[in-house]
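Scroll down for the structure; my scribbles are underneath it.
Readers should treat all values here as calculations from the given coordinates under stated rules, not as data from a laboratory. Because the structure is predicted, anything quoted here is derived from the model rather than measured. Note that each Cβ is placed from the backbone with ideal geometry, even for glycine, and that neighbours are counted across all protein chains shown.
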Amino acid sequence: MPPTVTTVPATKQSDLRFTLYPIGLALSAIFLAATLAAGSLLPASHHVLHWRCQTNHIVCLLIGYILLCIIQIAGRTMSPMPCFLMAAAMHFVFLAAFFWLNTMCFNIWWTFRDLRPQSLEKSQERCRLRIYEAYAWGGPLIIAGTAAALDSVPNNSDYDFLRPRFGTSNCWFHGKSELNVQKTQSSIVRFYYISAFS
């Protein structure tokens with residue numbers, strides 16, 4: 001279990017940004033929900049594969065923005081365990097949103113690579129969707145699961161740089177060094193993806 005969350009001085013909590021951020025996130029979540037509702041009401045018989053990828057992307061962003069809005073409203077008054085769980089969940093859904101965006105870009109490239117759209121049979125679409133789902137849900141699950149598992153192991157000064165330390169100073173990564181490790185991991189994933197499909 002992560003250590004207790006430190007309290008914030010009153011001057012920092014009265015900052016206008018901490019009022020505007022939750023409002024902006026809530027508005028974004030409302031419009032993402034409206035986008036999801038409008039997309040589900042329209043007939044999606046023409047580009048089913050792209051529509052499903054886009055729906056998963058929007059759902060990930062919606063959940064991530066809702067969690068981020070809750071964290072912004074609660075501030076640093078949240079107890080350690082819910083803070084840790086929400087940080088790990090946000091890490092997963094924002095990674096999944098990135099991976100779903102990646103699959104949509106790949107799908108657009110694959111469809112128009114010969115400068116003419118190609119139609120797929122339903123079985124081919126289902127097979128490609130299963131591959132996209134395995135990539136877009138599996139990759140973030142491995143990365144976020146590894147981060148949460150590393151954060152749950154007992155402290156060891158030799159391997160402390162690998163720990164994201166969710167919930168120690170706020171309901172996200174602890175500091176800049178943890179974010180830099182995360183950026184390095186994302187760069188490795190992008191390099192692998194680019195080299196695999198080049």
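Points worth noting:
- Sorting the segments 32-43, 131-142 by their residues' average number of neighbouring beta-carbon atoms within 10 angstrom, most packed first, yields 131-142, 32-43.
- Candidates per trypsin sites (Lys or Arg not before Pro) in the stretch 72-153, loop by DSSP, up to 11 other Cβ within 10 Å: Arg113
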